[in-house]
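Shown next, in structure tokens, is the structure this report addresses.
The values are calculated or read from the model by the stated rules, or taken from the named source; none is laboratory data. Note that this is a predicted model, so its numbers are computed, not measured. Cβ sites come from the backbone with ideal geometry, for glycine too, and all protein chains shown count toward neighbours. These accessible areas exclude ligands, DNA and RNA; they are computed on the full protein's heavy atoms, side chains included. Shrake-Rupley method; radii C 1.70, N 1.55, O 1.52, S 1.80 Å.
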Amino acid sequence: MGYRKDMIVYQIYPRSFKDTTGNGVGDLRGIIEGLDHLADLGINTIWLSPIYVSPNDDNGYDIADYTAIQPEFGTMADFEELVAKAKERGIGIVMDLVINHTSDEHEWFRRALAGEEKYKNYYIIKKGKNGKIPNNWGNFFAECPWAKFGDSEDEYYLHLFSKKQPDLNWHNPEVLEEIKRIMRFWLDKGVVGFRCDVINIIYKNSLENGRPRPILTGQEHYLSTEGCHEILKTLRREVLEPYGAFTVGETVFVDIAKARDLCAPERKELDMVFAFEHMECDQVIVKWFKTKLVPRRLMKCLSKWQTALEWNACYFENHDQPRFISRFSDLGPYRKEASKMMAGLQMTLRGTPYMHEGQEIGMTNGDFANLDEVEDIESHNIWAMATKLGIPKRIRWKMIQRTSRDNGRTPMQWTAGENAGFSSGKPWLKVNANHTEVNVETENAVPNGVLAFWKQMIALRKTHPVLIDGTFRSVYEGRAVYVFARELDGKTLLSVCNMTGKTAKLPTVVGKGGKLLACNYEDVEANLLKPFEFRLLEIEK
Ligand code: ISL
């Protein structure tokens, strides 16, 4: 029930995957065209970022109609065809469930604005305090989280994200009923589960002032509240279980205890969570200030979560994150090797691997020249905030370059040709210049390429039950090298990752013996690991 441990998930950001109409925006037919590539890669589940009707203030994470397809992506018939054709290839579709907020263009919000009390109660609307906004909370996109409600003199609505994303009022049981209906609508269409957007913040305990903090003041009033746990239990029992559907929650600011409460199997809430700690190994206080990625910090963090949770959602990239290999400060000429090492790492950790489109060919951060080339609302807001704070332009731009969510959203690189074969029109976001070298077509033509290695690692995972059911044990966490063991029924696999662009000593704990199941270099040296070298060894007892 719920999830299958052998799931290998591939995230598609529909705007950026493949455009078949020439309007510069990816679409559902493009995804259908891409299915053979995905089947060949070996994945068996697709998570689709939102494809619902949306004014695109936050690229679909602002939903105006939960049960209709965004016209620029295609039609419901296209969607049904996608589900069917994916199924023929053994691939299930997971939808993005965004229920902390709707778009301000959703009918519910429009009717609320028109004065219908029923719908006003769908949102969090509150009177100001002596002409001031209702509380001191912060906002995820560095805006003020309160906006005037229509023409009202003193009423405001809460929006933890953009002004066009009003938060839903989860104290209202009618909201729960609406969402149940929406979930069943998609489950009836054959989807296998949901990725639940910022699911641990949906239920606000109170709207009291929060304890002041550098970011997101007020979070103690809404992070993983009892009300949220109750809602998750209800959705699982009443909606998901009858369909055998699964959920992964995007859960912000969770520590291990909170994550356990959300996904421990006996609690029957979520099947697994996307935690953030390993993505924050190179940040200072807030994600917009980054330092060098220190490999040992990453190793320690991965080991901690691997050991603490029964099952992890293992991800290194998504549509909100810079490309992972671009985070290695000494990547140098080793893009391919680093991508292959990440394939080895991701496919041998314990948990469900979630790849992001382009990861299989080693795509890198966007090469944006200036803010005009960046679309992401968050980046623009951060730029404005940093300007207000007097941060010099050069530093501001560095911040955006390194952290912008658009880094993970550049169009998928299919060919070396114009617009990387993504679109015959002008792509909505700049295509990376390195598409001439980094693309699916080129990769398909080489036997030892990045794509071939991802395929090999995915295939290994499928043929070695120890990589799925085996326990995790950290063996070595050095300055450069990470070694961990997966063990099952007396069988031990050792995953050895050099996480730097420099040659490193092979730790003696690895020993001499063992059968080499995979390696991203042709020849291995007895005592040395080459830059970003990865080895998977089977240890004979
Ligand atoms: O990008 C982030 C973390 O590095 C966050 O600020 C992000 O906004 C947060 O993780 C929530 O993300 C999700 O909900 C947002 C949407 O913009 C993101 O794309 C989505 O993944 C609001 O729906």
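Over the chain, accessible surface divided per residue gives 38 Å², non-protein components excluded, 1.4 Å probe. Measuring nothing but how far apart in sequence close Cα pairs (under 8 Å, 6+ apart) lie, relative to its length, the chain scores a relative contact order of 14 percent.
Nonpolar atom fraction for the chain, defined as the carbon and sulfur part of the 1.4 Å probe accessible area, stands at 51 percent.
Is the shape of segment 314-354 best called rounded, prolate or oblate, per the rule: a/c under 1.5 gives rounded, else a/b larger than b/c gives prolate, else oblate, with a ≥ b ≥ c the square roots of the Cα gyration tensor eigenvalues? Oblate. Of the GluC sites (Glu not before Pro) found in segment 151-224, the ones in coil according to DSSP and having at most 14 other Cβ atoms within 10 Å of their Cβ are Glu153, Glu208. The Cα-based radius of gyration and maximum Cα-Cα distance (Dmax) for segment 197-314 are 15.6, 47 Å.
Distance between the C-alpha centres of segment 482-529 and segment 161-223: 43 Å, rounded to the whole angstrom.
Angle of helix 393-403 to the longest C-alpha principal axis of the chain, folded into 0 to 90 degrees and rounded to 10: 70°. Taking N as the residue count of segment 150-206, its C-alpha radius of gyration divided by 2.2 N^0.38 Å amounts to 1.41. Judged by the ratio a/c of the largest to the smallest principal axis of the C-alpha gyration tensor, segment 187-243 counts as prolate, that ratio being 1.5 or greater while a/b is larger than b/c.
In deg cm²/dmol, rounded to 500, what helix-only [θ] at 222 nm does the chain give when every DSSP H run of at least 4 residues adds -39500 (n - 2.57) and the total is split over its residues? Taking each H run of at least 4 residues, the total per residue is -8000 deg cm²/dmol. Summary of the geometry: segment 25-64 and segment 111-139, compared by the centres of their Cα atoms, lie 33 Å apart.
Coupling constants for segment 104-120 follow from the phi torsions by the Karplus curve (6.51 cos²θ - 1.76 cosθ + 1.60, θ = phi - 60°), and in residue order they are 6, 9, 5, 4, 4, 6, 4, 5, 5, 4, 6, x, 6, 4, 3, 7, 4 Hz; glycine and proline get x. A DSSP coil position with no more than 16 other Cβ atoms inside 10 Å describes the following trypsin sites (Lys or Arg not before Pro) in segment 187-251: Lys189. A dipole drawn for the chain from +1 and -1 charges on Cβ atoms has a positive end, and of Leu113, Ala369, Gly34 the residue lying farthest that way is Ala369.
For Val294 and Lys233, a Förster radius of 35 Å and the Cβ-Cβ distance give a FRET efficiency of 0.35, rounded to the nearest 0.05. Full extension of the chain between Ala39 and Ala452 gives 147.3 nm of extra length, using 0.36 nm per residue less the Cα-Cα distance. Volume of the convex hull of segment 55-159 (Cα atoms only), normalised per residue: 126 Å³.
Which of rounded, prolate, oblate describes segment 432-541, given a ≥ b ≥ c as roots of the alpha-carbon gyration tensor eigenvalues and a/c under 1.5 marking rounded, otherwise prolate only if a/b is larger than b/c? Cα axes put segment 432-541 in the oblate bin. Label sites at Lys388 and Glu105, each approximated as a point 7 angstrom past Cα along Cα to Cβ, lie 2.6 nm apart. Taking 18 Å as the straight-line reach from the Cα of Lys336, the lysines in range (excluding those fewer than 8 positions away in the same chain) are Lys455, Lys502, Lys530. Projected onto planes of every orientation and averaged, the convex hull of the alpha-carbon atoms in segment 303-378 covers 6.5 nm².
Secondary structure note: in the chain, about 60% of the DSSP beta bridges are antiparallel. When the C-alpha to C-alpha distance is required to be over 22 Å, the pairs from Lys18/Lys85; Lys505/Lys541; Lys287/Lys388; Lys268/Lys462; Lys287/Lys393 that qualify are Lys505/Lys541; Lys268/Lys462.
Excluding residues fewer than 8 places away in the same chain, name every one of the lysines whose C-alpha is closer than 25 Å to that of Lys127. The qualifying lysines are Lys118, Lys148, Lys163, Lys164, Lys204.
Multiplying the residue separation of Ala445 and Asn130 by 0.36 nm and subtracting their alpha-carbon distance yields 106.6 nm. Normalised by 2.2 N^0.38 Å, where N counts its residues, the alpha-carbon radius of gyration of the chain equals 0.96.
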